[in-house]
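Structure, as structure tokens:
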Amino acid sequence: MVRTQIYLTEAERAALKAIARQTGQKQSELIRQAIDRLIEGFQPGERRARLQMARGMWRERGDLPDFKSLRRELDRLSGREA
């Protein structure tokens, strides 16, 4: 491992310390985990895989608005009515 120094705000430091206390992990380990998650999100193919996993996740939902009607209403309110 390579040692790296970072600056945190007081609020970030307090929150990190609290999380470390709650989880029993070291602050440095929590920081490494957060960095790993950030890096994973930028790996080639990761975005596509996540989008494919999410595909159709709202298909069977009956509690969502009719998006075509919602879009028409937004267009009307913004003055872009066709």
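The values are calculated or read from the model by the stated rules, or taken from the named source; none is laboratory data. Keep in mind it's a predicted model, so treat the numbers as computed, not measured. Neighbour counts run over all protein chains shown; Cβ positions are idealised from the backbone, glycine included. What goes into the accessible areas is simple: the full protein's heavy atoms, side chains included, and nothing from ligands, DNA or RNA. Shrake-Rupley method; radii C 1.70, N 1.55, O 1.52, S 1.80 Å.
Things to note:
- Candidate set: segment 22-47, residues that are at pLDDT 80 or above and open to solvent by 100 Å² or more (accessible area, probe 1.4 Å); chosen: the one farthest from L8 (Cα to Cα): F42
- V2 passes every criterion in (1) loosely packed, with under 10 Cβ neighbours inside 10 Å; (2) touching a residue at least 12 places away in the same chain (Cβ under 8 Å) apart from (2).
- Segment 34-67, subset closer than 28 Å to I6 by Cα and among the charged types (D, E, K, R), residue nearest to the chain's Cα centre (by Cα): R37
- Flag for I6 being of a type in the set (V, I, T) and not in a loop (DSSP other than H, G, I, E, B): no
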